[in-house]
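Participant: Attaching a single structure in structure tokens format; questions to follow.
The values are calculated or read from the model by the stated rules, or taken from the named source; none is laboratory data. What you see is a predicted model; the values in this text were computed from it and never measured. As a convention, Cβ positions derive from the backbone with ideal geometry for all residues, glycine included, and neighbour counts pool all protein chains shown. For accessibility, only protein heavy atoms count, side chains too; no ligands or nucleic acids. Shrake-Rupley method; radii C 1.70, N 1.55, O 1.52, S 1.80 Å.
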Amino acid sequence: MIKTAKAAILARSHESLIVDNIEFPETLSVGQVLVKVLYTTICGAQLNEIAAVKGPDKFLPHLLGHEATAEVIELGLGVTTVKPGDTVVLHWRPGLGIQGKPASYRWRGEALNAGWVTTFSEYAVVSENRMTPIPPNTDLKIAGLFGCAITTAMGVVANDAKIKPGESVVVFGVGGVGLPIVQFAALAGAYPIYALDITSEKLERARLCGATETFDRQFSGFFPICDKVIETTGVKSNIELAYNITALDGTCVLVGVPSEKVTINTLPLHFNKTLTGSHGGGSRPHIDIPRILKLMNAGKISFDGMITHEFPLDRINEAMDVMRGGAAGRVLIDMRL
């Protein structure tokens, strides 16, 4: 069992992360796995955690991150689904195996909190059911996105929106989650597929991934009513517009987390119109990750170009700023650098 490793710590809300050494527990508990993190990517959820979008953070100081690829180093008692040397995807949705208790780290003499999975560190203690083995020859940078962005997108299309061939779809925001939503919607046979965003780079990537028409979010003209409307930005005005352009018998899926109160006028009532949220698309990582790999290997889908920036762990705050800028796809932290 290692004793210390470098990690990025959220010590105070609204402030930069602190990159420092943390202390590991002496032994692993039942259902825990020690992994060496290889690549991790930044999700909008981490930006929201830093900004305390959901209210005061009672777990400070704590670790962050929930999508990564890693190598299994050591097992706690009861672990059966992975073995030392395995290459795994780390994910926040539960998969197979034991749900071990969160790791007990220490930092500067005090307790450092963590969840069942964290990834912004050189090594991590992760619950067995927050990892899924993958072939070691997989593109390990892209595979990290299976931990959240890509599995969420697949689930939003298949489970939440239940997109059928020929249905019209609009996606608000085509970043880390919205872009693969466009791809999976195209794979499901949706037509037309509209993509809305505020950056031309993202709209260009959306066109390459299957969007039939793209709109700058500043577009103020008439927008067509669509069967399935998926909102990924959490922006108040986008959420309100998304519901309004959903067909009377259609479905509006809210994926993004709003940072302010949103009012949606549902009057007059349309009993066949569905408004729903999404919890990671209801994904089942141990089932969905192998399916995604099968589609990739068959050339049915590609996630090339989703990762637009790479940084070492020491520059993670710069990486966060790039994400906040809005033009990036997914930003990757390379633990080898």
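Participant: If you wrap a convex hull around the C-alpha atoms of region 225-302 and split its volume per residue, what is the figure in Å³?
Facilitator: Cα-based convex hull of region 225-302, divided per residue, equals 122 Å³.
Participant: Follow-up. Taking a 30 Å limit on the Cα-Cα distance, which of the listed pairs LYS54/LYS162; LYS36/LYS228; LYS54/LYS83; LYS36/LYS294 fall beyond it?
Facilitator: In this structure, LYS36/LYS228; LYS54/LYS83 lie more than 30 Å apart at Cα.
Participant: Here is a follow-up. Give the range of the longest stretch in the chain that excludes all chymotrypsin sites (Phe, Trp or Tyr not before Pro) found in loop regions by DSSP and having at most 10 other beta-carbon atoms within 10 Å.
Facilitator: 1-218
Participant: On the accessible surface of the chain, probed at 1.4 Å, how many percent belong to carbon and sulfur atoms?
Facilitator: Accessible surface attributable to carbon and sulfur in the chain totals 53 percent.
Participant: For the charge dipole of the chain, defined by +1 on Lys and Arg C-beta atoms and -1 on Asp and Glu C-beta atoms about the Cα centroid, which residue among ILE316, VAL82, PRO61 has the Cα displaced farthest towards the positive pole?
Facilitator: VAL82
Participant: Helix 178-187 versus the longest principal axis of the chain: what is the Cα-based angle in degrees, 0 to 90, to the nearest 10?
Facilitator: On a 0 to 90 degree scale, this one is about 60.
Participant: Rounded, prolate or oblate: which fits region 261-307 when a ≥ b ≥ c are the square roots of the eigenvalues of the alpha-carbon gyration tensor, with rounded for a/c under 1.5 and prolate only if a/b beats b/c?
Facilitator: It comes out prolate by the Cα gyration axes.
Participant: Here's another thing I want to ask about it. Return a whole-number percent for the relative contact order of the chain, with Cα pairs under 8 Å and 6 or more residues apart as the contact set.
Facilitator: Relative contact order for the chain comes out at 17 percent.
Participant: Scanning the chain for GluC sites (Glu not before Pro) in DSSP loops with at most 12 other Cβ atoms within 10 Å, what's the longest stretch left with none?
Facilitator: Segment 27-259 is the longest.
Participant: Now for a different question. With only alpha-carbon pairs counted, each pair once and no self-pairs, how large is the Kirkwood hydrodynamic radius of region 278-327 in angstroms?
Facilitator: Averaging 1/r across every pair of different Cα atoms and inverting gives 13.7 Å.
Participant: Next question. Quick one, which of (1) 35, 21, 18; (2) 44, 23, 19; (3) 49, 21, 16 is the actual semi-axes √(5λ) of the Cα gyration tensor in Å calculated for this model?
Facilitator: Evaluating semi-axes √(5λ) of the Cα gyration tensor in Å on these atoms matches (1).
Participant: Would you check the accessible area of LEU60, probe 1.4 Å, heavy atoms only, in square angstrom rounded to 10?
Facilitator: For LEU60, solvent-accessible area is about 50 Å².
Participant: When only the heavy atoms of the protein chains count and the probe is 1.4 Å, how do CYS209, CYS226 rank by accessible area, highest first?
Facilitator: CYS209, CYS226
Participant: At 1.4 Å probe size, with no ligands or nucleic acids counted, give the accessible surface of MET1 in Å², nearest ten.
Facilitator: Near enough 70 Å² of accessible area.
Participant: Does region 36-110 come out rounded, prolate or oblate by the C-alpha gyration tensor, with a ≥ b ≥ c the root eigenvalues, rounded set by a/c under 1.5 and, if not, prolate when a/b is larger than b/c and oblate if not?
Facilitator: Prolate.
Participant: Moving on. Picking from PRO224, PRO94, PRO61, which is most flexible by a Gaussian network model of the chain using Cα springs under 10 Å?
Facilitator: Answer for the Gaussian network model of the chain: PRO224.
Participant: Okay, moving on. When ligands, DNA and RNA are left out and all protein chains stay put, how many square angstrom of accessible area per residue does the chain have with a 1.4 Å probe? Intermediate values should be presented prior to the final figure.
Facilitator: Values: 14810 Å² over 337 residues.
Using a 1.4 Å probe on heavy atoms only, each residue of the chain averages 44 Å².
Participant: Return the sequence-ordered ³J(HN,Hα) values of region 94-105 in whole Hz as given by the Karplus equation 6.51 cos²θ - 1.76 cosθ + 1.60 applied to θ = phi - 60°, using x for Gly and Pro.
Facilitator: x, x, 7, x, 6, 8, x, 6, x, 5, 10, 9
Participant: Would you tell me the accessible area of LYS294, worked out with a 1.4 angstrom probe on the heavy atoms of the protein chains, in Å² to the nearest 10?
Facilitator: 140 Å²
Participant: Given just the C-alpha atoms of region 1-85, how large is their convex hull per residue in cubic angstrom?
Facilitator: In region 1-85, the Cα hull volume divided by residue count equals 117 Å³.
Participant: Over region 69-177, what number does the Rg to Rh ratio reach, with both radii from the alpha-carbon atoms and Rh per Kirkwood? Each step should come with its number before you reach the end.
Facilitator: Numbers: Rg = 16.8 Å, Rh = 15.9 Å.
My calculation of the ratio gives 1.06.
Participant: Extending each Cα 7 Å along its Cβ direction at ARG315 and SER200, get the distance between those two points in nm, one decimal.
Facilitator: Inter-label distance under the simple model: 2.6 nm.
Participant: Near GLY256, within a Cβ-to-Cβ distance under 11 Å, what is the net charge of the other residues, with Lys and Arg +1 and Asp and Glu -1?
Facilitator: Local charge sum for GLY256: 0.
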